[in-house]
Each structure stands twice: as C-alpha cells, then as structure tokens.
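Computed from the coordinates by the stated procedures, all read-outs in this text should not be read as laboratory data. Quick caveat: nothing in here was measured; it's all calculated off a predicted structure. Every residue, glycine as well, gets a Cβ built from its backbone with ideal geometry; the counts of neighbours run over all protein chains shown.
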Amino acid sequence: MSQSINRSFITGLSLWLAFSIPGFTQQNEDASRTREQTRLQSEKALKLKPMTENKAEEVLTWVDKTGLIGGAPRGLYPWFGSILGGGGVSLGAGYRGRFADSGAFNVLGGWSFKNYKLLQSGLEFPEFADRRVKVNLDVKWLDAPKVSFYGVGNASSKHDKTSYLYRPTRVGPSVNVKLAKWFSLGGGAEYLHVETGPGDAGTSIEQIFTPPITPGLGQEVSYGVSRAFAVVDWRQSPFYTRRGGLYRVDFANYTQSGSDSFSFRQLDLELQQYVPLLRENWVLVFRGLGSLTMTNGNSQVPYFMMPYLGSGDTLRGYQNRRFRDRNMMLLQAEYRWTPSHFIDVALFADTGKVAARRGDLNFDGLHTDGGVGIRFHGPKFMALRIDAARSNEGFNLIFSTGLF
C-alpha cells in the first residue's frame with residue numbers, strides 16, 4: 001500500500017511541477033532539442049571529408065611555391081608575361097641559380113606573338129649589413145619592331161597611328177638599402193643605348209612624322225644614366241595586397257654621350273593606397289602617377305624616351321602609348337570585391353593627360369575611361385589580370401600579370 005502511495009505521490013508531484021512552475025516544461029523541451037542537435041551534428045561530422053583544393057587553387061598554390069610570378073624561382077623555369085607594353089603575350093624560359101647563401105644569378109629569354117624579343121641577365125650579390133644592403137648587376141636587351149606612335153601631345157589623333165622600331169640595351173649596377181621594414185633608399189648607374197628605326201606594322205613613323213615635330217626621329221642615342229630613389233612601402237606584398245600603401249620618388253639624369261642635344265632629367269612620383277572594408281572583402285584602391293622632364297638650353301627629350309599614357313596600367317580604355325609628351329599625370333581609382341579566395345572583381349576609372357609644359361598639368365583636357373576587371377591571384381602574387389575598359393575612342397581588353 002505504501003509503495004502505491006509513494007508512486008502516486010511522485011507522479012502527482014511531477015505533474016504539479018510541470019504545470020505549476022513556469023518554464024519547467026520549456027526547459028525539458030530545450031534540453032531534448034539540444035541533445036538531438038548534438039546527435040545530428042556528431043553524425044554529420046563523421047560523414048564530412050577533409051577540405052581539398054580544386055584544380056585552379058592547386059595551380060595557384062603551386063605557382064606561389066615555385067616563385068614563377070613575383071618570386072625567386074630556382075633552376076630552370078618557364079616564363080610568361082610582357083616584354084613591352086603592346087607586344088602581346090610573351091613566353092620564354094630562364095635559369096636561376098644561387099650561391100653564397102643570398103647570392104644568385106639569373107638568365108632569361110622571351111618572345112612574344114608580335115615578334116618582340118627579350119634577353120636579360122642579372123647578378124645578385126650576397127646581401128650584407130644584416131641583409132639590409134643589396135647590390136645587383138643587370139644586363140637587358142629587347143627588340144620591339146612595332147611600337148605604336150600617334151604623335152607628340154595631348155591632342156594627338158588616333159588616325160595618325162604609326163609604328164617604329166625600339167631596341168634598347170642596358171647594363172649597370174644598382175644598390176638598395178633597407179633602412180626599415182617599410183623604407184628603402186637606393187640608386188644606380190647604367191649605360192643605355194637606344195636604336196630606333198622604321199616600324200613593320202601598318203604605317204611606319206617616318207611616312208607621317210618629321211624630325212622638327214618628332215625629336216629624335218631616325219636617331220640612335222647613347223646615355224650615361226645615374227639614378228636615385230626613395231620608397232615607403234607597407235603593402236602586404238609588392239605583387240598582391242589588400243591593404244597598405246606605396247609612396248615612391250625616383251630621379252634620373254640622362255647624359256647623352258658625345259652631345260647634349262638629347263640630355264635630360266626625369267622625376268617620377270607614384271602613390272598607391274589600399275583601404276580595406278569589412279574584413280578586407282571589399283577594397284578601395286587609389287593611385288596617382290606623375291612624370292616630369294627637365295632640359296637645359298636647346299636640349300630636347302627624344303620621342304621614344306617621353307612619358308606616355310595608354311593601355312597597360314595607365315589609361316586602360318585607350319590603345320598602348322596613345323599619348324606622350326615631356327610631362328604626364330595619371331589618377332586611378334578601383335573598387336574591388338573578393339567573391340572567392342583566389343578571385344577579385346573590380347570596377348575602375350582612370351583619368352590623365354600629357355603636356356609639353358609642367359604648368360599645363362591641370363584638370364583641363366583630361367582623358368578618361370572606365371570599366372570592369374577580374375583578377376586571379378594567390379595570397380601574395382597576381383597570376384592574371386583581365387580588364388575591359390571603354391573610352392571615347394572605343395573598347396580595349398587588357399591581359400596582364402601586373403598589380404595595376
């Protein structure tokens with residue numbers, strides 16, 4: 001009898017707790033749901049497979065490890081990129097060997113589908129002063145038989161397109177001193193010989209233009225070049241970044257051998273700023289570029305050494321080297337979105353001009369364009385950049401491995 005009373009008492013007490021104490025039933029239901037969710041998650045975890053890279057990600061990871069783009073490959077390696085803007089896709093091969101810990105030597109040969117050719121070699125001496133000082137010796141020769149020329153000046157016509165041969169040879173040492181992680185100074189000296197001649201694409205330059213309006217036309221010029229630069233660089237990588245900035249000043253003195261007819265000095269300024277938004281899923285990019293040339297007396301800047309704008313990483317909606325003159329300015333802005341780990345999509349706008357006088361580098365007569373682009377990249381390098389841009393002169397499609 002007492003056992004029946006006890007069971008009845010316990011049952012009654014349970015019912016009373018269930019209906020009389022607020023939240024008692026809800027707590028039991030929540031606990032049951034929690035146990036069920038835990039069980040389902042455990043079963044799901046047993047079925048999950050380890051994350052693996054897809055084929056595209058595997059290729060980008062391999063490229064990053066080998067240092068083929070923006071790195072330091074070892075041994076024999078394939079090469080692709082650009083020999084000179086407007087030369088089209090270029091292919092080649094090189095060999096890079098190491099010695100004495102941080103020393104290296106490199107040889108490279110390349111060829112483009114427009115018959116541009118490149119040969120270059122470099123010697124990187126072992127770093128010293130706690131790896132803060134780096135000395136290089138470089139030799140470079142290229143042959144570009146169909147470089148575009150539309151005339152000198154901001155108002156040149158697209159209908160005056162011609163081509164010319166551009167064949168420079170450079171040799172000389174340079175030094176880079178890293179004073180801080182983000183700050184470098186340096187300089188160098190080189191011998192530069194430039195051979196020019198008729199172009200083999202369409203109308204050749206001498207068929208339309210003459211020496212009085214085209215300084216240096218038909219000339220071969222040799223220079224002794226001295227250079228100094230200062231760089232503040234706090235980007236994540238010089239080949240791909242989502243935050244930081246680059247501020248660069250470069251001054252060069254071109255002294256013509258045997259004459260002063262084409263001696264000049266050039267000052268280049270560059271600013272890049274990357275502003276990340278929402279955990280770097282969106283990035284605002286701003287870039288400014290300027291080139292100023294200076295001469296003494298009756299000296300002139302040859303047309304093939306003048307700063308220029310058009311295609312590549314400048315005015316992307318215009319043809320390569322569309323505008324050139326003694327001075328140049330360029331402003332660019334991009335909005336980049338990262339839909340996946342290895343892809344960026346961008347909206348961009350460019351504006352700029354060239355001028356014979358520095359005082360004319362203002363906001364009158366600017367050439368502008370805009371467009372969209374897609375970038376395939378690794379964590380620290382740009383594998384391929386494709387930009388589709390439009391200007392008042394038409395549509396232009398650009399393939400590049402450059403950051404801009």
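For this structure, a couple of remarks:
- Seen through its C-alpha gyration tensor, with square-root eigenvalues sorted a ≥ b ≥ c, segment 87-160 comes out oblate because a/c lies at 1.5 or above while a/b is not bigger than b/c.
- Spin-label pair Asp130/Asn296, simplified geometry with 7 Å Cα→Cβ offset, distance in nm: 4.1 nm
- Between the alpha-carbon centres of segment 269-293 and segment 216-265 there is a gap of 20 Å.
- Qualifying trypsin sites (Lys or Arg not before Pro) in segment 114-166, where qualification requires a DSSP coil assignment and no more than 14 other C-beta atoms within 10 Å, comprise Arg131, Arg132.
- Listed from fewest to most Cβ neighbours within 10 Å, the set Glu190, Glu393, Glu220 follows the order Glu220, Glu393, Glu190.
- From the Kirkwood radius over Cα pairs of segment 55-400, Stokes-Einstein at 4 °C and 1.567 mPa s returns a whole-number translational diffusion coefficient of 60 µm²/s.
- Cβ-derived FRET efficiency at R0 51 Å, Phe395 paired with Leu179, nearest 0.05: 0.65
- Extension reserve of the Ala93-Val372 stretch, reckoned as 0.36 nm per residue once the Cα distance is removed: 97.3 nm
- Here the gap between Ala100 and His193, fully extended at 0.36 nm per residue and compared with their Cα-Cα distance, gives a gain of 30.2 nm.
- Legend: calculated FRET efficiency, Thr169 to Ile343, from the Cβ-Cβ distance at R0 = 41 Å, rounded to 0.05, equals 0.55.
- Ala356-Asp160 FRET efficiency (beta carbon distance; Förster radius 22 Å; 0.05 resolution): 0.80
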